[in-house]
1. N251 passes all but one of (1) in a helix (DSSP H, G or I); (2) farther than 14 Å from K2 by Cα; (3) in contact (Cβ under 8 Å) with a residue 24 or more places away in the chain; (4) touching a helix residue (DSSP H, G or I) at 6+ places or on another chain (Cβ under 6 Å); which number fails?
2. Restricting to segment 161-197, name every residue that is in a helix (DSSP H, G or I), in contact with a Lys or Arg (Cβ under 7 Å, 6 or more places away or on another chain) and either modelled with pLDDT of 95 or more or among the small types (G, A, S) (or both).
3. Taking the criterion of being basic (K, R), part of a helix (DSSP H, G or I) and either in contact with a His (Cβ under 9 Å, 6 or more places away or on another chain) or closer than 22 Å to S28 by Cα (or both), would at least one residue in segment 120-135 satisfy it?
4. Go through segment 59-108 and report how many residues are of a type in the set (D, E) and over 29 Å from L318 (Cα atoms).
5. What number of residues within segment 100-119 are outside any helix (DSSP H, G or I) and within 18 Å of F80 (Cβ to Cβ)?
6. Given the conditions (1) touching a residue at least 40 places away in the same chain (Cβ under 8 Å); (2) more than 30 Å from L10 (Cα to Cα); (3) in a loop (DSSP other than H, G, I, E, B); (4) under 22 Å from the mean Cα position of the chain (by Cα), report the number of the one that L277 does not fulfil.
7. Can you tell which of H6, H99 is touching a Gly at 6+ places or on another chain (Cβ under 7 Å) and either surrounded by 15 or more Cβ atoms within 10 Å (Cβ to Cβ) or closer than 21 Å to E130 by Cα (or both)?
8. Considering only segment 287-335, state which residues are of a type outside the set (G, A, S), touching a residue at least 40 places away in the same chain (Cβ under 8 Å) and under 19 Å from C228 (Cα atoms).
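The values are calculated or read from the model by the stated rules, or taken from the named source; none is laboratory data. Because the structure is predicted, anything quoted here is derived from the model rather than measured. Backbone-built Cβ (ideal geometry, glycine too); neighbour counts: all protein chains shown.
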Amino acid sequence: MKIDIHTHILPENWPNLKEEFGYGGWVSLEHHDPGSAKMLKDIEFFRTVEANCWDPNIRMKECDYHGVDVQILSTVPIMFSYWSEPNDALVLSKILNDHISKIIDQFPSRFLGLGTIPMQNPEIAVWELERCVNDLNLAGVQIGSNINGKNLNDDSLFPVFEAAADLGAAIFIHPWDIMGKNEMEKYWLPWLVGMPAETSRAICSMIFGGVFERLPNLRVAFAHGGGCFPATVGRIQHGFDVRPELCAVDNKVGPLDYLGKFWVDSLVHDADALDFLIKKMGENKIALGTDYPFPLGELEPGKLIESANYTNDTKDKLLFQNALDWLGLSHDYFK
């Protein structure tokens, strides 16, 4: 079995939010060719998406071709809209979350979903998180690696994590609003360099800020194999040891103690990197993730895992069992 925890989806259409709210910055879809659309932020081009980004039937055909049994659906991170007025972001969140919930209702054996919530207002975010879990049958939410520059350990955000732990909701953290992106636009460096660093920022913030310590039952997964964190955790631990007055001010527990207490996806694009990830993070905390349907993702889902010289037990953990654990589901949920 294969469960892909890192896939993105959009509705085929949604309202003109600039007209609705009276200010710009919103994303729209311009369907310029059959089966293809441009994502625009106002008039600025962001990316082209194909019909597999909104059509569940095309998704299922492509999943069948690659042997993917279940996709965990989440929105494209540019749709987070943390910059906007919170109630306006809530309107968009509801559109996106209702769309994902509808697809899950239509195809319950093929899809599960993660909602999006207006993190710029934690009180409203908690309301929508509760609706996602209690009313829409979503498994949790996807959030960004920082919220308008606030690290994820910011006190104002803690109620969202607390609510997720109480609800048993899974959280998927995806890099966005990347540090230094305006200084390194050339060569696609925000995606190639900034995103891995941004994910490490999020992990370190939650460790040093004591979020994992205060909420030991919180189930969090990070995109892109945890970014730079696994490769630099030795440096991070050393800094914690030699400069506790800078690093250990909010949490006295060292970073290495948290290895094995959160999940990462398998999206590292390299066999040696996957071996290293298993060695550092543990084979119980890595779940198949592909970034479908985008080209920077794993284009043959699960190939890196399946082609490796791992035991069948290890492969099963990486391909589906660890995903079920992160989601809080029994291992016979889809049987």
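1. (1)
2. The answer is G194, and nothing else.
3. Checked against the condition, which is being basic (K, R), part of a helix (DSSP H, G or I) and either in contact with a His (Cβ under 9 Å, 6 or more places away or on another chain) or closer than 22 Å to S28 by Cα (or both), segment 120-135 yields no hits at all.
4. 3
5. Qualifying residue count for the region: 7.
6. The failed condition is (3).
7. Matching residue, one of H6, H99: H6.
8. L288, T290, D291, L296
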